[in-house]
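Here's the structure we're looking at; comments come further down.
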Amino acid sequence: MTEVRPRIRLPRRASAGDSIVVKTLINHTMESGQRRNSAGETIPRQIINRFTCELDGVMVIDAALEGAISANPYIEFEATIPAAGAFVFTWYDDNGDVYTATEEFDYA
Amino acid sequence: MLTRRDTLAIGLGASAVALLPATVYADEAAAQDAIAEFTGGVEPMDGGVNLTAPEIAENGNTVPISVSADGATEIAIFAAGNPTPRVGRYTFGPAAGASTISTRMRLGRTQDVIAVAKMADDSFAMTRVEVKVTIGGCGG
């Protein structure tokens with residue numbers, strides 16, 4: 001598989017105490033385990049089964065994902081923010097790999 | 001104790017079930033099981049969850065959906081007509097803003113998408129929306 005590259009998007013402007021929209025995307029095939037190859041064999045499942053987002057060490061969202069999530073999983077949610085801080089995003093692959101991304105913000 | 005009214009209701013329910021095609025019923029049962037597992041057997045109230053999905057999805061591989069429920073601590077999404085009914089389960093932490101989630105999901109065929117929200121008082125709310133799928137998203 002090609003290199004996994006998370007992408008994060010935060011609003012350009014916000015103020016302390018706002019509930020901001022956080023958009024995340026990561027490139028991943030999300031092989032559902034439902035497909036068959038040309039020989040008729042089931043292609044084993046390999047998905048991102050869990051995604052978490054923390055803000056300065058406090059949980060924002062903890063998601064359990066299934067094979068019904070589209071390839072390159074896109075997750076959009078809201079977080080209540082201080083004026084400045086850092087998000088830590090973590091994706092957990094079926095194969096044991098863990099991908100993380102950090103996004104700092106300072107709206108002061 | 002079974003009252004006359006209960007008996008009538010059971011009869012009506014049974015005939016409604018009997019009218020559904022067999023395959024749909026099996027998936028619906030799997031979806032109901034998955035929902036019951038999420039709610040711990042609590043019967044969810046109808047409504048109180050906003051579920052935005054396209055009426056018609058041309059490509060079942062990537063169907064955008066949004067779910068929000070005021071005051072929800074957890075949201076779970078189910079697809080009653082997919083090979084497996086679970087789609088995702090989202091738990092909101094102390095730093096979450098509004099209880100809302102948007103994602104893109106796969107739909108194998110035309111079916112109901114169901115969103116269930118767990119509220120702060122441990123009650124559950126549920127909304128279902130039918131999405132018509134032109135090209136299924138489960139691969140071949």
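The values are calculated or read from the model by the stated rules, or taken from the named source; none is laboratory data. Note that the structure is a prediction, hence the values are computed from the model and not measured. Cβ atoms come from the backbone with ideal geometry, glycine included; neighbour counts cover every protein chain shown.
From (1) surrounded by fewer than 23 Cβ atoms within 10 Å (Cβ to Cβ); (2) in contact with a Lys or Arg (Cβ under 8 Å, 6 or more places away or on another chain); (3) in a strand (DSSP E or B), pick out the condition that doesn't hold for B:Ala57.
(1)
Could you check region A:33-64 and list, in sequence order, the residues that are assigned to a strand (DSSP E or B), within 10 Å of another protein chain (Cβ to nearest Cβ), free of Cβ contacts under 8 Å to residues at least 24 places away in the same chain and not small (Gly, Ala, Ser)?
The answer is A:Arg36, A:Val58, A:Met59, A:Ile61, A:Asp62.
Output the number of residues of region B:1-39 satisfying the condition of being modelled with pLDDT of 95 or more and in a loop (DSSP other than H, G, I, E, B).
Residues in region B:1-39 being modelled with pLDDT of 95 or more and in a loop (DSSP other than H, G, I, E, B): 0 in total.
Here's the yes/no breakdown for (1) in contact with a Phe, Trp or Tyr (Cβ under 7 Å, 6 or more places away or on another chain); (2) over 16 Å from A:Ser32 (Cα atoms):
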site: B:Ser68; (1), (2): no, yes
site: B:Ile75; (1), (2): yes, yes
site: B:Gly81; (1), (2): no, no
site: B:Tyr90; (1), (2): no, yes
site: B:Met105; (1), (2): no, no
site: B:Gly108; (1), (2): no, no
site: B:Asp121; (1), (2): no, yes
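Give me the residue from region A:11-29 that is assigned to a loop (DSSP other than H, G, I, E, B) and polar (S, T, N, Q) and, out of that set, surrounded by the fewest Cβ atoms within 10 Å (Cβ to Cβ).
My answer is A:Ser15.
Only one of A:Pro11, A:Pro6, A:Pro82, A:Pro73 is under 19 Å from B:Phe92 (Cα atoms) and either more than 9 Å from chain B (Cβ to nearest Cβ) or of a type in the set (Lys, Arg) (or both); which?
It is A:Pro82.
State yes or no: is B:Phe124 of a type in the set (Phe, Trp, Tyr) and within 14 Å of another protein chain (Cβ to nearest Cβ)?
no
Yes/no per residue for (1) crowded, with 17+ Cβ neighbours inside 10 Å; (2) farther than 25 Å from B:Phe78 by Cβ:
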| site | (1), (2) |
| --- | --- |
| A:Glu31 | yes, no |
| A:Arg36 | no, no |
| A:Arg50 | no, no |
| A:Leu55 | yes, yes |
| A:Trp91 | yes, no |
| A:Tyr107 | yes, yes |
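I'd like to know if region A:74-91 contains one or more residues that are in a loop (DSSP other than H, G, I, E, B), touching a residue at least 12 places away in the same chain (Cβ under 8 Å) and within 15 Å of the chain's Cα centre (by Cα).
No, because not a single residue in region A:74-91 is in a loop (DSSP other than H, G, I, E, B), touching a residue at least 12 places away in the same chain (Cβ under 8 Å) and within 15 Å of the chain's Cα centre (by Cα).
Can you give me the number of residues within region B:77-100 that are in contact with a strand residue (DSSP E or B) (Cβ under 6 Å, 6 or more places away or on another chain) and not in a strand (DSSP E or B)? Full working, then the answer.
Taking region B:77-100 and keeping what is in contact with a strand residue (DSSP E or B) (Cβ under 6 Å, 6 or more places away or on another chain), we get B:77-81, B:85, B:87-100.
Then keep just the ones that are not in a strand (DSSP E or B); that gives B:80-81, B:85, B:93-95.
The total comes to 6.
Under the condition of being more than 15 Å from B:Ile56 (Cα to Cα) and surrounded by 23 or more Cβ atoms within 10 Å (Cβ to Cβ), which residue from region B:113-122 is nearest to the chain's Cα centre (by Cα)?
Filtering region B:113-122 for residues that are more than 15 Å from B:Ile56 (Cα to Cα) and surrounded by 23 or more Cβ atoms within 10 Å (Cβ to Cβ), the one nearest to the chain's Cα centre (by Cα) comes out as B:Ile114.
Within region B:123-140, is there a residue that is buried (at least 24 other Cβ atoms within 10 Å of the Cβ) and of a type outside the set (Gly, Ala, Ser)?
No: zero hits.
Going by the conditions given, is B:Thr110 touching a residue at least 40 places away in the same chain (Cβ under 8 Å), of a type in the set (Ser, Thr, Tyr), farther than 19 Å from A:Ile75 by Cβ and surrounded by fewer than 17 Cβ atoms within 10 Å (Cβ to Cβ)?
Numbers: touching a residue at least 40 places away in the same chain (Cβ under 8 Å): no; of a type in the set (Ser, Thr, Tyr): yes; farther than 19 Å from A:Ile75 by Cβ: yes; surrounded by fewer than 17 Cβ atoms within 10 Å (Cβ to Cβ): yes.
Considered against the rule, which asks whether it is touching a residue at least 40 places away in the same chain (Cβ under 8 Å), of a type in the set (Ser, Thr, Tyr), farther than 19 Å from A:Ile75 by Cβ and surrounded by fewer than 17 Cβ atoms within 10 Å (Cβ to Cβ), B:Thr110 comes out as no.
So, in region B:78-90, of the ones that are surrounded by 17 or more Cβ atoms within 10 Å (Cβ to Cβ) and at the interface with chain A (Cβ under 8 Å from one of its Cβ atoms), which residue ends up farthest from B:Gly136 (Cα to Cα)? I'd like the intermediate steps shown before the answer.
Looking only at region B:78-90, we keep the residues that are surrounded by 17 or more Cβ atoms within 10 Å (Cβ to Cβ), and these are B:78-82, B:84-90.
Pick out the ones that are also at the interface with chain A (Cβ under 8 Å from one of its Cβ atoms) and you get B:79, B:82, B:84, B:86-90.
On the way: B:Ala79: 13, B:Asn82: 10, B:Thr84: 14, B:Arg86: 17, B:Val87: 16, B:Gly88: 19, B:Arg89: 22, B:Tyr90: 25 Å.
Out of the qualifying residues, it is B:Tyr90.
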